[in-house]
Amino acid sequence: MNARTHKRLPSSPAIPRLCAWLVALAAAWLFMPSVPAHGQQEVKVTASAPEQAYVGDAIPFRVAVDGAMDSSAPDVSALQREFEVVYHGPQTSTSSRMIVINGRTQQSTERRVVYTYSLAARRTGEVVIPAVAVRADGREYQTQPLRIRLLEPSRVAGLSASLSHSRAYIGQPLRLTVTWLLLSEPEDPVLTLGLPADSMDIYPLPAGATAAEPSPRVAEMDFVPFHGAPKRPIRGKVRAVNLDGEVRTEFSAEFLIVPRQAGQIAIGPVRCDFKAVVGQRPRSLLDSPFERNTITQRQYSLAPADTLEVLDLPSRGRPANFSGLVGSFLLDASCSPREASVGEPLTLNLMLRSPLPILNPPPVDLARSSPGTTDGAGGIAMLFRVPRDPVLPQSAGEMTLYTAAIRARSTRAQSVPPIEISYFDPDDGQYKIARSPPVSLNIRPAAAVGLGALEGLEDEAEGDGTGGGPPMALRPDLPERINGWFPPLSAAQGGPAVARVSADESEAWLFAAGVCGAALAFAGAISWRRAQRERDPARFRRCGAGRRARRALRAARGGEPERIAIAMRALIADLFNLDASSLTTGEAVGAVRRIDAVLASRFGGLLGACDQRLFGPGGGGGEASGMTDRLREAEELVSELCRAAAAHPGGASVSTGAATSAAREGSA
């Protein structure tokens, strides 16, 4: 075809009309005003759950509602046929987006509500989660059904549980010991004790150091007392055992359980669910360096159930002032000072001891807890002024301390009478009395009549020094109380008012003299302290070592391992006059070993745990998880190290170079 024979084809009329429509649509889109997205967004409801899970696990089930301004929780009653359903509440999120095109603003808002549940399967096999109904923006929507495959975890041996008694009384503490022999490396273990929910209390016992094992290896795991209860941490001891020629790891934890109801109570079965590491997946070039390549399998260990027979406390022989304690108890007493005058305060300490931790110690009413002795001597309330209110306990594991201030009424109070606390002994099945021994004192007559002496004169006069005489209420020559206070003696005896004025002036002069004396004593104390520091810097440094270490540990309340290690090394440097900036862990442990090998072992374990947290695999200097117990252990070690250094002044009072070389030799 050449230029002469070529003819132009006529254009189709549909093409211009199509172009006009495209231009009109583009102009309408450009000049359309911004409309919020929630007016156009379509409501969408979806459900999600894992495709595979194990029986006994908490299976996450979520229902998401997108694009609705108002929605309610779905109806999950159809799921309760195959699952136990626990509702955790909604999670709402809103996102906004703004786009500017040719000066026009387009804004969109998306709203999402997720209703979360936990499902516990009742059986194994393939189960269908049916569709659930959700009401959103006045309409009802249905989720899609889901299929989930439920597997039974593999059962392995190695778990055992033992109860200290098979028969007990209400309120009697019992020891439950759980031992787990690990056949493989576990992950996320959870111990379920299987105890009844309302018939007993449970308290985990700490895995502390003992004389036979001063520095035990400790591990932590979660436990639940019964199904459905929240998880709680428990610390147990870890040791290596030989099983058929193979070295295995054994974990043991102890609990204290207290029955609250009578009858036959089932204990257990105790179960431990965990993920066992069964292999390692080969890495590929596409794997992240932080991704784990372990292959795990769901397993569980089961200890058989046991039966506990719980009896009511007998009513026969129960004393009227029964304290409610059940077990075996001893009561001891001490008083300080042992020598005082009538009316001067004395500190009475009562120590209640038991082989097991005392969970609910009762208060002690001194006026009713000392009825007197068999030889005719009176009780403590007849010989001493005691607090009106009962003395509250200060519990510390197997020991409970009671502290009260008492005052002797007369010179007849030459000893603190026995104090009694009633308890029930389950071994003998009888009510008994824990009685403290008498504490001998040396009470002298009051030197002068003052407010302190008047408190003693309220009950008995001391005029003849023999301790005899009628009570104050029968003495007409002594002043009466007015609104709880004594008036001046001159006014009570009818003396002139001038005597009262001179007494006030003398009291003012005495007050001024006392202030001047206190100022001189304070200045002298400062001068003496400065002279001591210049005369013996090492001794002055040791005196404030404990105080500075406790202040540094208080600053590490979050459990930072770096601060704990720095504070403990600084304590050793102060006690042994060493250079804190260059002191290593081995040198510090070696210095402590020179005075106490047990303390050195515990101290080395503490610093080793801090270094493991700082520089070990998965550690971090700022990570405080798991260091709370180490902080408490460090606070206890501060007091023990200071006492040991004070008891061995020859081991602590050495020069810097000698101490450093000795510490290095000890660490080597």
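Residue by residue, here is whether (1) modelled with pLDDT under 85; (2) surrounded by 15 or more Cβ atoms within 10 Å (Cβ to Cβ) holds:
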site: Asp273; (1), (2): no, yes
site: Arg283; (1), (2): yes, no
site: Thr296; (1), (2): yes, yes
site: Tyr300; (1), (2): no, yes
site: Asp306; (1), (2): no, yes
site: Leu313; (1), (2): no, yes
site: Leu331; (1), (2): no, yes
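Sort out which residues of region 391-411 are under 27 Å from the mean Cα position of the chain (by Cα) and on the phi < 0 side of the Ramachandran plot, and write them in order of number. Step through it out loud before you land on a result.
Taking region 391-411 first, the residues under 27 Å from the mean Cα position of the chain (by Cα) are 391-403.
Hits for region 391-411 are Val391, Leu392, Pro393, Gln394, Ser395, Ala396, Glu398, Met399, Thr400, Leu401, Tyr402, Thr403.
The rows are residues; the columns are (1) outside the structural domain of Leu183 (by TED's automatic domain parsing); (2) among the basic types (Lys, Arg); (3) surrounded by 12 or more Cβ atoms within 10 Å (Cβ to Cβ).
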residue: Ser93; (1), (2), (3): yes, no, no
residue: Asn102; (1), (2), (3): yes, no, no
residue: Val132; (1), (2), (3): yes, no, yes
residue: Tyr141; (1), (2), (3): yes, no, yes
residue: Ala161; (1), (2), (3): no, no, yes
Residues of region 571-616 being farther than 21 Å from Arg632 by Cα, of a type in the set (Lys, Arg) and in a helix (DSSP H, G or I), in sequence order, are Arg593
Does region 273-289 contain at least one residue that is closer than 30 Å to Pro361 by Cβ, assigned to a loop (DSSP other than H, G, I, E, B), more than 18 Å from the chain's Cα centre (by Cα) and of a type in the set (Gly, Ala, Ser)? no
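Mind checking which residues of region 412-449 are part of a strand (DSSP E or B), under 35 Å from the mean Cα position of the chain (by Cα) and not aromatic (Phe, Trp, Tyr)? Step through it out loud before you land on a result.
Of region 412-449, the ones part of a strand (DSSP E or B) are 415-416, 420-425, 430-435, 439-440, 442-444.
Within this subset, residues satisfying the condition of being under 35 Å from the mean Cα position of the chain (by Cα) are 420-425, 431-435.
Glu420, Ile421, Ser422, Asp425, Lys432, Ile433, Ala434, Arg435, listed by residue number.
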Taking region 401-427 on its own, how many of its residues are crowded, with 22+ Cβ neighbours inside 10 Å, farther than 18 Å from Arg368 by Cβ and not hydrophobic (A, V, I, L, M, F, W, C)? 1
Quick one: is Val113 surrounded by 12 or more Cβ atoms within 10 Å (Cβ to Cβ) and in contact with a helix residue (DSSP H, G or I) (Cβ under 9 Å, 6 or more places away or on another chain)? no
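Across region 187-200, what is the total count of residues that are modelled with pLDDT under 90 and not in a loop (DSSP other than H, G, I, E, B)?
Taking region 187-200 as the starting set, the residues that turn out to be modelled with pLDDT under 90 are 187-188, 194-200.
Restricting the remaining residues to those that are not in a loop (DSSP other than H, G, I, E, B) gives 187-188, 200.
Residues flagged as modelled with pLDDT under 90 and not in a loop (DSSP other than H, G, I, E, B) within region 187-200 amount to 3.
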With the condition being more than 30 Å from Thr296 (Cβ to Cβ) and of a type in the set (A, V, I, L, M), I'd like the strands (runs of 3 or more DSSP E) fully within region 93-157 carrying at least 1 qualifying residues. 104-121, 133-136
In region 335-358, which residue that is farther than 14 Å from Thr400 by Cα and of a type in the set (S, T, N, Q) is nearest to the chain's Cα centre (by Cα)? Thr347
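The values are calculated or read from the model by the stated rules, or taken from the named source; none is laboratory data. Computed from a predicted model, the values in this text were never measured in an experiment. With ideal geometry, Cβ positions are generated from the backbone for all residues, glycine too; neighbour counts draw on all protein chains shown.
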